[in-house]
Amino acid sequence: MRMLLNIQIPNEPFSTLVREGRIGDLMRKILEDMKPEAIYFTEQQGKRGAVAVVEVADASAIPALAEPWFLTLDADCELRIAMLPEDLMKAGLDALGDKWK
């Protein structure tokens, strides 16, 4: 199943890792391991952040996606299930509408 991993990264330890020249290798290692379908780096509430699109076959895969961010960057992570338009079309919304009139 496709999920959005929303990552909020506090300024520390990220800023220290940037100053020490170690952030590039760390980010490369995390991204190579998680293999996101896509990832976008952005600002979130005045801090660094990212939104990754990941494929999760089973809920047991979630810790492997989030723990590197928790353990190395003290980041906050949120996961949300995401659907493509094709997924939404398979959801049977018309039947649900009839059921819950």
Self-check item: Between 0 and 90°, nearest 10: helix 23-34 axis offset from the chain longest Cα axis
Solution: 30
Exercise. Provide the three semi-axes, in whole Å and in decreasing order, of the ellipsoid equivalent to the range 2-99 as defined by the square roots of 5 times the Cα gyration tensor eigenvalues.
Key: 32, 14, 11
Quiz item: Can you give the relative contact order of the chain as a percent, counting alpha carbon pairs under 8 Å and 6+ residues apart?
Solution: 42
Quiz item: aspartates and glutamates near Lys90 by alpha-carbon distance under 19 Å, same-chain residues fewer than 8 away left out - which ones?
Solution: Glu55, Asp98
Quiz item: In degrees, nearest 10, range 0 to 90: what is the angle between the Cα axis of helix 62-73 and the longest Cα principal axis of the chain?
Solution: 30
Quiz item: Among Asp25, Asp74, which comes first, then next, by fewest other beta-carbon atoms within 10 Å?
Solution: Asp25, Asp74
Quiz item: 222 nm [θ] for the chain, helices only, -39500 (n - 2.57) per DSSP H run of 4+, per residue, to 500?
Solution: -12500 deg cm²/dmol
Quiz item: Sorted by mean Cβ packing within 10 Å, highest first, what order do the peptides 90-98, 45-53 take?
Solution: 45-53, 90-98
Practice problem: Starting from the Cα of Lys29, draw a straight line to each of the aspartates and glutamates and keep only those under 15 Å, dropping any in the same chain fewer than 8 residues away. | Solution: Glu67
Exercise. Please arrange Trp69, Trp100 by counting, for each residue, the other beta carbons lying within 10 Å of its beta carbon, fewest first.
Key: Trp100, Trp69
Quiz item: Dividing the alpha-carbon Rg of the range 35-90 by 2.2 N^0.38 Å yields what?
Solution: 1.28
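Read-outs: derived from the displayed coordinates by stated rules, not from any lab. Just so you know, these numbers come straight off a predicted model, no measurement behind them. Every residue, glycine as well, gets a Cβ built from its backbone with ideal geometry; the counts of neighbours run over all protein chains shown.
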